[in-house]
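Take a look at the structure below.
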Amino acid sequence: PTRVLLRRLSLAVEPGEGLMIVGPSGSGKSALLRTVTGLWASGGGRILRPAPQHMLFLPQQPYMLLGGSLRNQLLYPQPERQIADAALLAMLEQVNLPDLAERCGGLGAELDWDKTLSVGEQQRLAFARLLLTTPRFAFLDEATSALDLANEGRLYRALMATRTTPISVGHRASILKYHAWVLEIQGEGRWQLIPAPDYSFQEQDGP
């Protein structure tokens, strides 16, 4: 049977005004993100979105290239880019993976990254991709869920120093300050848009 996740949702995310999406488990937060980015085609309505090259989607479980080198993992989804090794190593340090290249055998090392890296390390590596790509909009679906607050804050602060506008699904109050607006999905199609400074965060919100 068809289930309505959101009814008559209408909003615009302006550049520089990040949006945080919150709500109980199963309310449709991830579905909304995947629909807006074009990964899903369910539902009705009209979505105006930037061209694909101006968006980057980071899921909770990052995508790791099969058999790809550490360099290619960093350059994904634009592996043809020419970025100096020194810049890639500096980016690994920025996301708090300073010894990763040395530990794994260099930027050219090809390993089973899903098994070599913890989920937290994979999330930091995915954020390095984001910071190297600097799209207009970043769609972050629990993209820092495996990180402690210090690492999470480090990544979001680095992101806020770029021109990228974040659209984040999350359930931690710690990332609220990096967004201008909160979309609260309330279930049964209901929703509310609230300025982030006015939002009273409920920690029971779930993925």
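The values are calculated or read from the model by the stated rules, or taken from the named source; none is laboratory data. Computed from a prediction, not measured in an experiment: that's the story for all the values here. Using ideal geometry, Cβ is built from the backbone for each residue, glycine included, and neighbour counts are taken over all protein chains shown. Surface areas here come from the heavy atoms of the whole protein model, side chains and all, with no ligands, DNA or RNA. Shrake-Rupley method; radii C 1.70, N 1.55, O 1.52, S 1.80 Å.
Ignoring everything except DSSP H segments at least 4 long, calculate the 222 nm mean residue ellipticity for the chain; use -39,500 (n - 2.57) per segment, divide by total residues, nearest 500.
When only DSSP H runs of four or more count, the value is -8000 deg cm²/dmol.
Within 10 Å of each candidate Cβ there may be at most 14 other Cβ atoms; applying that plus a DSSP loop requirement, which trypsin sites (Lys or Arg not before Pro) in the range 1-105 survive?
Those that pass, being in a loop and sparsely packed, are Arg3, Arg7, Arg8, Arg46, Arg81.
Filter the GluC sites (Glu not before Pro) in the range 33-123 to those in DSSP coil with at most 10 other Cβ atoms within 10 Å of their Cβ, and list the result. Let's see the in-between values first.
Numbers: sites: Glu80, Glu93, Glu102, Glu110, Glu121; in loops: Glu80.
When the GluC sites (Glu not before Pro) of the range 33-123 are filtered for loop state and at most 10 Cβ neighbours within 10 Å, Glu80 remain.
Hey, rough spin-label estimate for Asp114 and Asn72, points 7 angstrom out along Cα→Cβ, what's it come to in nanometres?
Label-label distance for Asp114 and Asn72, simple model: 1.6 nm.
Hey, what's the chain come to in accessible area per residue, 1.4 Å probe, Å²?
51 Å²
Specify the angular offset, from 0 to 90 degrees and rounded to the nearest 10, of the alpha carbon long axis of helix 85-94 from the longest principal axis of the alpha carbons in the chain.
Here the helix axis deviates by roughly 50 degrees.
How many times 2.2 N^0.38 Å is the alpha carbon radius of gyration of the range 1-87? Walk me through the intermediate numbers first.
Numbers: Rg = 16.7 Å, N = 87, 2.2 N^0.38 = 12.0 Å.
The value comes to 1.39.
Between Arg8 and Ile194, how many nm apart are label points set 7 Å from Cα along the C-beta direction?
For the pair Arg8/Ile194, the computed spacing is 2.1 nm.
Which of the chymotrypsin sites (Phe, Trp or Tyr not before Pro) found in the range 113-200 are loop residues per DSSP with 12 or fewer other Cβ atoms within 10 Å of their Cβ?
Passing sites in the range 113-200 do not exist.
Take the alpha carbon gyration tensor of the range 21-68, find the square roots of its eigenvalues, order them as a ≥ b ≥ c, and report rounded if a/c is under 1.5; if not, report prolate when a/b exceeds b/c, else oblate.
Oblate is the answer for the range 21-68, as a/c is 1.5 or above yet b/c matches or exceeds a/b.
Keeping the other protein chains in place, figure out the carbon and sulfur percent of the accessible area of the range 123-207, with a 1.4 Å probe.
Ligands and nucleic acids excluded, carbon and sulfur give 51 percent.
Please list, in chain and number order, the residues 5+ apart from Gln186 or on another chain whose amide H is under 5 Å from its amide H, with Hs placed from the backbone.
Answer set, sorted by chain and number: Trp191, Gln192.
Counting only protein heavy atoms and using a 1.4 Å probe, what share of the accessible area of the range 1-110 belongs to carbon plus sulfur, as a whole percent?
Carbon and sulfur atoms account for 52 percent of the accessible area of the range 1-110.
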